[in-house]
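Chemist: Before anything else, here's the structure in question.
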Amino acid sequence: MEPAASLDKGSCGPAGSASADTQQPGDQGGWAGGAGGNWMATHPTLTEMMSLDISDSTQIYAAFVVYLDLLEGRNWHEVNCVGVAELQLICLHAREKEQDSLQVMVPVPVHVLLSHERMREIMKKASLPQEDPDTPLSVTLAIVESDSTVVYYKMTDGFVLPDPPDDTEDTDNKQWRKKRRLLK
């Protein structure tokens, strides 16, 4: 995929690629998957994201790439986009499994610099309210490279103790018990 600069002109593909409205009969449709033409430009979720009050086209592109990765690549459930106009971000609320609670994904293009203050602001305004008041706020940054590579980083407000190991040998290990005691 091309960088999001192509979104400015209403096209999600490379310059010169055929879109659904300019495609000639029998045309194979450039980069966008053959006979269907440029499916991205007419995708209902991309259209919905573009209608949100977000001015940065690279943010919209990043959100759409993460949306596709979660839904198609990772088979997540109930992937919905939510615009946070005051942060100029599109967040995705999704469930890894049907019975899991919603998680917040914050797509960010790789070139965007994030300060500690900006990350705290994102955490406070984009995270979902917790049922348990002892549960720290959390969001997952989805950092999107121009080649559509996505790297996920889960951020929490404060420290979260790791789950105990699944291997029972490690649970009996003196070092593990000592480390667990120090963490508490």
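Chemist: Can you give me the distance in nm between label points at Glu117 and Glu78, each placed 7 Å from the Cα along the Cα-to-Cβ direction?
Modeler: With each label placed 7 Å out from Cα toward Cβ, I get 3.6 nm.
Chemist: Grab the other residues whose beta carbon is less than 10 angstrom from that of Asp157, score K and R as +1, D and E as -1, and report the net.
Modeler: That sum, taken over residues with Cβ under 10 Å, equals +2.
Chemist: Testing the spin-label approximation: label points 7 Å from Cα along Cα→Cβ at Thr47 and Glu96. State their distance in nm.
Modeler: 3.4 nm
Chemist: Further, regarding this structure: Taking the simple approach of a point 7 Å from Cα along Cα-to-Cβ for both Thr156 and Asp56, what is their distance in nm?
Modeler: Result for the modelled spin labels: 2.7 nm.
Chemist: If you don't mind, another one. In the neighborhood of Thr45, defined by Cβ-to-Cβ distances under 14 Å, what is the net charge if each Lys or Arg adds +1 and each Asp or Glu adds -1?
Modeler: Around Thr45, the surrounding residues sum to -4.
Chemist: Grab the beta carbon distance between Lys125 and Asp166, set R0 = 41 Å, and tell me the FRET efficiency rounded to 0.05.
Modeler: 0.70
Readers should treat all values here as calculations from the given coordinates under stated rules, not as data from a laboratory. A quick note: this is a predicted structure, and the numbers were derived from the prediction, not measured. Please note: Cβ atoms are built from the backbone with ideal geometry, for glycine as well, and neighbour counts cover all protein chains shown.
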